[in-house]
Amino acid sequence: MKIVLDSKIPSGTVATKWTKYRQEMKLVNPANKRKFEIIVVGSGLAGASAAATLGELGYNVKCFCFQDSPRRAHSIAAQGGINAAKNYRNDGDSIYRLFYDTIKGGDFRAREANVHRLAEVSVNIIDQCVAQGVPFAREYGGLLDNRSFGGAQVSRTFYARGQTGQQLLLGAYQALSRQIHDGTVKMFSRTEMLDIVIIDGHAKGIITRDLVTGKTETHSADAVVLATGGYSPVFFLSTNAKGCNVTATFRAFKKGAYFANPCYTQIHPTCIPQSGDHQSKLTLMSESLRNDGRVWVPKKPGDTRHPNDIPENERDYYLERMYPSYGNLAPRDIASRAAKKVCDEGRGIGPNGRGVYLDFSDSIKRLGRDKIEERYGNLFEMYERITGENAYEQPMRIYPAPHYTMGGSWVDYELMSNIPGLFVIGEANFSDHGANRLGASALMQGLADGYFILPQTIAGYFATHRNGRYSSDHPEFRKAHEDVRARINKLLSINGKRTVTEFHRELGKLMWDDVGMARNRAGLQHALQRLPEIREEFWGNVNVLGSGDEFNSALEYAGRVADFLEFAELLAFDALHREESCGGHFREEYQTEDGEALRNDGQFAYVAAWEYKGMDQFPVLHKEPLIYEEVKMTQRSYK
Amino acid sequence: MNLTLRVWRQKNADTPGKFVEYRANNISPDMSFLEMLDVVNEELIKRGEEQIAFDHDCREGICGSCGLVINGRAHGPLAATTTCQLHMRTFKDGDTIAVEPWRARPFPVIKDLVVDRNAFDRIIQSGGYISVSTGGAPDGNAIPIPKDDADKAMDAAQCIGCGACVAACKNASAMLFVAAKVSHLSLLPQGKIEQDRRVLNMVTRMDEEGFGNCTNIGSCEAVCPKQITLDNIARMNRLYMEALFKGILS
Ligand SMILES: Cc1cc2nc3c(=O)[nH]c(=O)nc-3n(C[C@H](O)[C@H](O)[C@H](O)COP(=O)(O)OP(=O)(O)OC[C@H]3O[C@@H](n4cnc5c(N)ncnc54)[C@H](O)[C@@H]3O)c2cc1C
Ligand code: FES
């Protein structure tokens, strides 16, 4: 049977669709809202803003997170900023330009209608956050300051020092706290969702584990919203927080929710290089540094001189050379691949030759050390703490690292998955960034989804589906609950010889080598052959100590790694099927003569939405064609 | 380097805990403190012993999850540094390091080095916000804010809610945490509108949670990884008194 994915994009020109949608959408009357229960899994920017706004509207909300407080979600770590088409700088920005930049940045693999809507609501986000007390950077006149960010030629990024994510998340957390106080939201911290319950084809609840007592529980609702973030730690080392995982969306996948474009992963160009095998995570140095830092490597391979001793004419400022009009601000995917290329040529720097310089000496000469300190002081400090090196006196060493995942649950224009009643928002869905996300647009998307889009579109579902909640005695709840318990018991009973971390590292290395920055058929096939072997060994030889009825971090971790081990196969499978290069997905077989990504619009201008068919079967591909009505697809050029 | 660790092990809130000695061998100075604990944990699992439980997530000093008392000092020896940002190059080969959880009555131990800090969330719920709902906010530039005020608000807003201030205080006072939020919001025009109600509610809640009084010793400021200053406490005390008087007069 051929299933046609209905993305429910409203008719009309791209600029009028969202207005038209809102004029025509169904509403739930205020007195009825409190009759609906909504589960929101996740309390990052997307989850916290959604839960708070739904609570304000009068719905009954239950919100879940695995950290000890909603304020600690991974969004807290975002440094650089958030985009909005305010045009406060009068530098030619507009909603259309933000829309166009995002579509182009995504290498023409995102849905036009969603992206335009995102650009439209971007301006409301800033207003909302200012009203909440987010202390954005300001100019002396008292107005909001802006900076430019990778992949854009205008200054449209709002920021709060190097802690924009923290301040935006605290704004959403405070709004959420107000609703918790008012009783519209019930918060479940240190609680992990382990499965989703589908009844008569609709999402009706979840199974959770209380991470303190170990108790597994069922929660029933009228709709379920997943805001569980991205899956970069499938590569083990990434810039993400240690707890980031794919469990929620992958469990939903196994219950029938399509997973879209899993192979679109973003490798961020400016991270601190790995220092040894003990490394547990990689630290991002905000992309904003590229505004004032110049990237270079020695011209000569194997040049081990101290960077300050290498004369100007023996340095290759390769981004400026290869992309004269964007220079050091070239988009992430392009900058990352360029770094890999020069290191592959033997010109990489640092202990293991996997690194390039990011040099501030020109900016310090031009603007003074004070100015640089004011702009990036905390980043320089963070760098020194980790490496023991002073970046005011010698260039930083940086290298690309897994950072963000554009793929995620397939959702329609209303942010609903193919399972009615299951909504997915924030980094967890696939929707707005195509094959590559531009800097400062994840925060924008998370808050757009949570504050302004989902709270509106979810009403349409309630207005047309009144099939109510089910008791947790329903056979589907009982079955899901038993499955979750059986899996926990299984993990605890293996008593093998290897630790969970060892498996995770092994997985990460395989994924980085074969499914990382540059992919090819042979490598992907190798990964696809190795993954089931690693998985089999995991289920036969992992050692998870302790019991399930208590606080047990090893058990939590084992469950997440078990899901990564299955999910990795889907990622590699998607990467193998997509025989083109686009954005963060670079297939070595498909490149232009000068090494740029070579898209194949004739065959691959679609969203790949995968349907689960069982453990031993290939997933089934459903294609959502991408139709460009407003923008003409071109080869991306940043030259 | 080779180290000796004395780590607080406690099965759960109801079981008494004790220090247990472990060896941490072949530790690289480039490791973070938590990576060093990862190494110890891997060895424990190999020996069939349960790993040491500790909270962590971002491992870059911003989420506020991690928090250990290291050699008697919250977050260890370095100023303005969270536990996850502390690197082993700060220690010497052969050192003995004591590792304990936050100790404060309002933060009961859950297991080993993990404590329950929900009291902080409940204080924020009592009023640590500006009461605006989504939608209808005026343009972001409608109210200019002097850069100096915005910067000061940001200084206070940087608090990561880790709880080191409470752990370091002999009275287990949460004044620095509460004052940081009260200051952040009161320094902005948007937050001034409900500042009386906010400060009264938050302080009441703080007392109800069992946090102690502030006796101006300043240990909190000394250990704060985000360098939140004592001026914030002075500002909060002033706002609190003003709010009380207004209440009495009206
Ligand atoms: C270091 C760094 C810097 C960044 N800087 C920027 C930037 O400057 N600008 C920008 O736009 N973007 C930036 N990003 C990207 C951006 O921060 C993230 O994409 C975004 O914050 C994700 O938000 P989210 O709400 O979707 O998910 P998250 O913030 O990841 O939240 C996920 C939530 O889900 C919960 N959760 C997950 N799984 C479960 C489960 N099974 N059960 C229960 N709860 C669960 C977690 O507890 C958490 O509350 C950065 C990312 C990193 C890593
Ligand atoms: S782990 Fe996030 S602050 Fe230390």
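Structure above, values below:
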quantity: Long-range neighbours under 6 Å by Cβ, at least six apart or interchain, first residue within 16 Å of ligand 1 (Cβ to nearest atom) within region A:22-41, second part of a helix (DSSP H, G or I) and open to solvent by less than 100 Å² (accessible area, probe 1.4 Å); calculated: A:I38/A:L54; A:V40/A:G47; A:V40/A:A50; A:V40/A:A51; A:V41/A:A248
quantity: Selection from region A:65-89 of residues that are touching an Asp or Glu at 6+ places or on another chain (Cβ under 8 Å) and of a type outside the set (S, T, N, Q); calculated: A:F66, A:D68, A:P70, A:R71, A:R72, A:H74, A:A77, A:G80, A:A85, A:K86
quantity: Residues of region A:562-571 satisfying the condition of being under 18 Å from the mean Cα position of the chain (by Cα) and either farther than 12 Å from A:H504 by Cβ or among the β-branched types (V, I, T) (or both); calculated: A:F567, A:L570, A:L571
quantity: Test set (1) within 14 Å of chain B (Cβ to nearest Cβ); (2) crowded, with 24+ Cβ neighbours inside 10 Å - A:A110 fails condition number; calculated: (1)
quantity: Some residue of region B:47-62 being modelled with pLDDT of 95 or more, under 19 Å from B:G94 (Cα atoms), in contact with a Ser or Thr (Cβ under 9 Å, 6 or more places away or on another chain) and more than 15 Å from ligand 2 (Cβ to nearest atom); calculated: no
quantity: Strands (runs of 3 or more DSSP E) enclosed by region A:210-276 - at least 3 residues per element that are more than 27 Å from A:Y59 (Cβ to Cβ) and away from ligand 2 (no atom under 16 Å from the Cβ); calculated: A:265-271
quantity: Only one of A:L118, A:L176 that is part of a helix (DSSP H, G or I) and touching a Pro at 6+ places or on another chain (Cβ under 8 Å); calculated: A:L176
quantity: Selection count where residues are under 18 Å from the mean Cα position of the chain (by Cα) and more than 7 Å from chain A (Cβ to nearest Cβ), scope region B:127-158; calculated: 2
quantity: Residues of region A:300-345 that turn out to be among the small types (G, A, S), surrounded by 13 or more Cβ atoms within 10 Å (Cβ to Cβ) and either more than 24 Å from A:F380 (Cα to Cα) or out of contact with any Pro (no Cβ under 7 Å at 6 or more places or on another chain) (or both), as a count; calculated: 3
quantity: Hey, B:A222 part of a helix (DSSP H, G or I) and within 11 Å of chain A (Cβ to nearest Cβ) or not; calculated: no
quantity: Selected residue [among the charged types (D, E, K, R), open to solvent by 40 Å² or more (accessible area, probe 1.4 Å) and modelled with pLDDT of 95 or more] from A:E533, A:E580, A:E550; calculated: A:E533
quantity: Conditions (1) away from every other protein chain (no Cβ under 14 Å); (2) within 28 Å of A:G546 (Cβ to Cβ); (3) away from ligand 1 (no atom under 13 Å from the Cβ): number failed by A:V212; calculated: (1)
quantity: Filtered residues of region A:265-299 (kept if more than 14 Å from chain B (Cβ to nearest Cβ), more than 14 Å from A:Y357 (Cβ to Cβ) and open to solvent by 20 Å² or more (accessible area, probe 1.4 Å)); calculated: A:N291
quantity: Given (1) under 20 Å from the mean Cα position of the chain (by Cα); (2) open to solvent by 20 Å² or more (accessible area, probe 1.4 Å), number of the condition A:W610 does not satisfy; calculated: (2)
quantity: Residue satisfying condition, being assigned by TED's automatic domain parsing to the domain that holds B:C214, open to solvent by less than 20 Å² (accessible area, probe 1.4 Å), farther than 21 Å from A:A73 by Cα and part of a helix (DSSP H, G or I), within set B:A167, B:A172, B:A179; calculated: B:A179
quantity: Residue in region A:147-154 that is within 11 Å of chain B (Cβ to nearest Cβ) and either modelled with pLDDT of 95 or more or touching a Phe, Trp or Tyr at 6+ places or on another chain (Cβ under 9 Å) (or both) present; calculated: no
quantity: Lone qualifier among B:D116, B:D93 - being more than 8 Å from every other protein chain (Cβ to nearest Cβ) and open to solvent by 20 Å² or more (accessible area, probe 1.4 Å); calculated: B:D93
quantity: Filter result for the condition that a residue is more than 30 Å from A:G276 (Cβ to Cβ), outside the structural domain of A:D574 (by TED's automatic domain parsing) and either assigned to a loop (DSSP other than H, G, I, E, B) or open to solvent by 10 Å² or more (accessible area, probe 1.4 Å) (or both), over A:R366, A:R354, A:R385; calculated: A:R366
quantity: Members of region A:236-254 found to be more than 10 Å from ligand 1 (Cβ to nearest atom) and open to solvent by 10 Å² or more (accessible area, probe 1.4 Å), listed by number; calculated: A:F236, A:L237, A:K242, A:K254
quantity: Residue list for region A:113-145, filter: among the charged types (D, E, K, R), touching a residue at least 40 places away in the same chain (Cβ under 8 Å) and either open to solvent by 10 Å² or more (accessible area, probe 1.4 Å) or within 14 Å of another protein chain (Cβ to nearest Cβ) (or both); calculated: A:E120
quantity: Some residue of region B:218-230 being among the polar types (S, T, N, Q), without any contact (Cβ under 8 Å) to a residue 60 or more places away in the chain, crowded, with 20+ Cβ neighbours inside 10 Å and farther than 30 Å from B:I143 by Cα; calculated: no
quantity: When residues of region B:32-53 are limited to those that are assigned to a loop (DSSP other than H, G, I, E, B) and more than 8 Å from chain A (Cβ to nearest Cβ), the one least open to solvent (accessible area, probe 1.4 Å); calculated: B:I52
quantity: Test: residue in region A:182-195 that is among the aromatic types (F, W, Y) and in contact with a helix residue (DSSP H, G or I) (Cβ under 7 Å, 6 or more places away or on another chain); calculated: no
quantity: Meets criteria (away from ligand 1 (no atom under 11 Å from the Cβ), open to solvent by less than 30 Å² (accessible area, probe 1.4 Å), within 14 Å of chain B (Cβ to nearest Cβ) and touching a residue at least 60 places away in the same chain (Cβ under 8 Å)) for A:L170; calculated: yes
quantity: Qualifying residue in region A:300-308 (condition: free of Cβ contacts under 8 Å to residues at least 12 places away in the same chain and hydroxyl-bearing (S, T, Y)); calculated: yes
quantity: The lone exception for A:S75 - which of (1) among the hydroxyl-bearing types (S, T, Y); (2) under 28 Å from A:R290 (Cβ atoms); (3) out of contact with any Gly (no Cβ under 6 Å at 6 or more places or on another chain) it fails; calculated: (3)
quantity: Residue match in region A:215-232 (condition: buried (at least 22 other Cβ atoms within 10 Å of the Cβ), at pLDDT 95 or above and in contact with a His (Cβ under 7 Å, 6 or more places away or on another chain)); calculated: yes
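The values are calculated or read from the model by the stated rules, or taken from the named source; none is laboratory data. What you see is a predicted model, and the numbers here were worked out from it, not measured in a lab. Neighbour counts are summed over all protein chains in view; Cβ atoms, including those assigned to glycine, are modelled from backbone coordinates with ideal geometry. Accessible surface areas use protein heavy atoms only, side chains included; no ligands, DNA or RNA. Shrake-Rupley method; radii C 1.70, N 1.55, O 1.52, S 1.80 Å.
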